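What follows is calculated from the coordinates using simple rules that are stated; it is not laboratory data. Note that this is a predicted model, so its numbers are computed, not measured. Cβ: placed from backbone, ideal geometry, glycine included. Neighbour counts: every protein chain shown.
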Amino acid sequence: MGIDTVRISRRHALTATTLAAAGAGLATPFSPIRPTAAAAPLHGPSVPTYHRVRLGAFEVTTLFDGAVVLDGPHPIFGQNVAVEELQALAEENFLPPTRFEIGFTPVVVNTGVEVVLFDAGNGAGRRPTAGRLAGLLEIAGFSADQIDVVVLTHFHPDHIGGLMENGAPLFANARYVATAAEFDFWSDDDRLSGPTERVARLTRTNVVPVADRMSFVEPGASLVSGITAIAAFGHTPGHTVYHLESEGQRLMITADTSNHYVVSLQRPDWHVRFDMDKETAATARKEVFGMIAADRIPFTGYHMPFPSIGYVEPHGPGFRFVPASYQFNV
């Protein structure tokens, strides 16, 4: 029926409008206007805590240890390119060009036999908006005493800061795993001055006290059944990532191989301030994420947007991050 064939009388239209308004509780010429109810109070941004997925017989839980907002991303990222080039890439990806957020995501893997924690977060008191691992573990259903293995992908402060609380090891029953290259570098007396001083001193207070319970893993070796170490040196001398496999399902824990889901992943050759050996770190980025993209397997990265689980696909000179959605639910 065409619009021009419809004929509605003025009386009919008014009656219909009045009834509809009254039915919806709206003010009409025949009903008094009531005062508007007060608006609900503002609650502020929500803060995530944890996210858990199933990987074969494993359960993988990512924990949000907080985040910081900084000026940048340049020159923290893209040290070898012009600021305009990096800012243009940020804006292409709907990101602000002069401010960015970086989060921290330790990972708990329950194999059904052992509970394995990858990295220990910032630790209480280091940052006002991060460092809540002990409380997060409880919220996620774990106690610190239930952690059987603590794996340190490397010794930067946001990864070892949470090992100690009130001067004592937080994970009283755990054994610890790292690479010998990482431990030897940061525990050497020669690191106690100059640009390595801050990390070396934190290593003395947080890692060395548990050294008697530490074993060293070599790339290619199994940490526990289904978890294998893979070298990704460059970010630090012994930076290591881990491959998980259970019942044919796979996932990579990439730690700090990429510290930003756009300006580091999409441009793996761009230098990052946090990488100690910039060229070796860039090579590791391309190799690790090249493998992940080729095998189409998921990964969790320490500084990816929470819940920090996703995929990558080849994209220009690098990779594009694709956040996971329901892949682990079906």
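Treating each Cα of the range 128-277 as an identical point scatterer and ignoring solvent, apply the Debye formula and state log10 I(q)/I(0) at q = 0.16 Å⁻¹. For the range 128-277, the Cα-only Debye profile gives -1.01. Restricting the calculation to Cα atoms, every distinct pair contributes to the Kirkwood radius of the range 122-213, found to be 13.7 Å. Once divided by 2.2 N^0.38 Å, the Cα radius of gyration of the range 97-145 becomes 1.37.
Computed about the Cα centre, the dipole magnitude for the range 55-196 is approximately 320 debye when only Lys and Arg (+1) and Asp and Glu (-1) carry charge, each at its Cβ.
Projected onto their three principal axes, the Cα atoms of the range 60-128 cover extents of 50, 27, 22 Å, largest first. Separation of the range 55-127 from the range 219-274 is 13 Å, based on Cα centroids.
Under 5 Å between amide hydrogens, built in the peptide plane, is the criterion, and for Tyr176 it picks out Val150, Met214, Ser215 among residues at least 5 positions away or on other chains.
Dimensions of the range 44-196 from C-alpha coordinates, computed as largest minus smallest value along each principal axis and given longest first, are 50, 43, 31 Å. With coordinates expressed along the principal axes, the C-alpha atoms belonging to the range 160-213 extend over 34, 24, 13 Å, beginning with the largest. Restricting the calculation to Cα atoms, the range 238-317 yields a radius of gyration followed by a Dmax of 12.0, 39 Å. Using every pair of distinct Cα positions in the chain, the Kirkwood expression returns a hydrodynamic radius of 22.2 angstrom.
Using the charge dipole of the range 79-121 (Lys, Arg: +1 at Cβ; Asp, Glu: -1 at Cβ; taken about the Cα centre), state which of Ile102, Val81, Val115 has its Cα farthest towards the positive end. Toward the positive end, the furthest listed residue is Val115. Think of the chain as a dipole: +1 on every Lys or Arg Cβ, -1 on every Asp or Glu Cβ, centred on the Cα centre; then among Phe171, Asn206, Pro45, Pro45 lies furthest on the positive end.
Dipole magnitude for the chain: about 1680 debye, using +1 per Lys or Arg Cβ and -1 per Asp or Glu Cβ, origin at the Cα centre.
Residues Leu117, Leu223, Leu70 in ascending order of nearby Cβ atoms (within 10 Å, fewest first): Leu70, Leu223, Leu117.
The magnitude of the dipole of the range 132-260, with charges of +1 and -1 set on the Cβ of Lys/Arg and Asp/Glu and taken from the Cα centre, is near 160 debye. Axis angle, to the nearest 10 degrees, between helix 10-23 and the longest C-alpha principal axis of the chain: 40 degrees.
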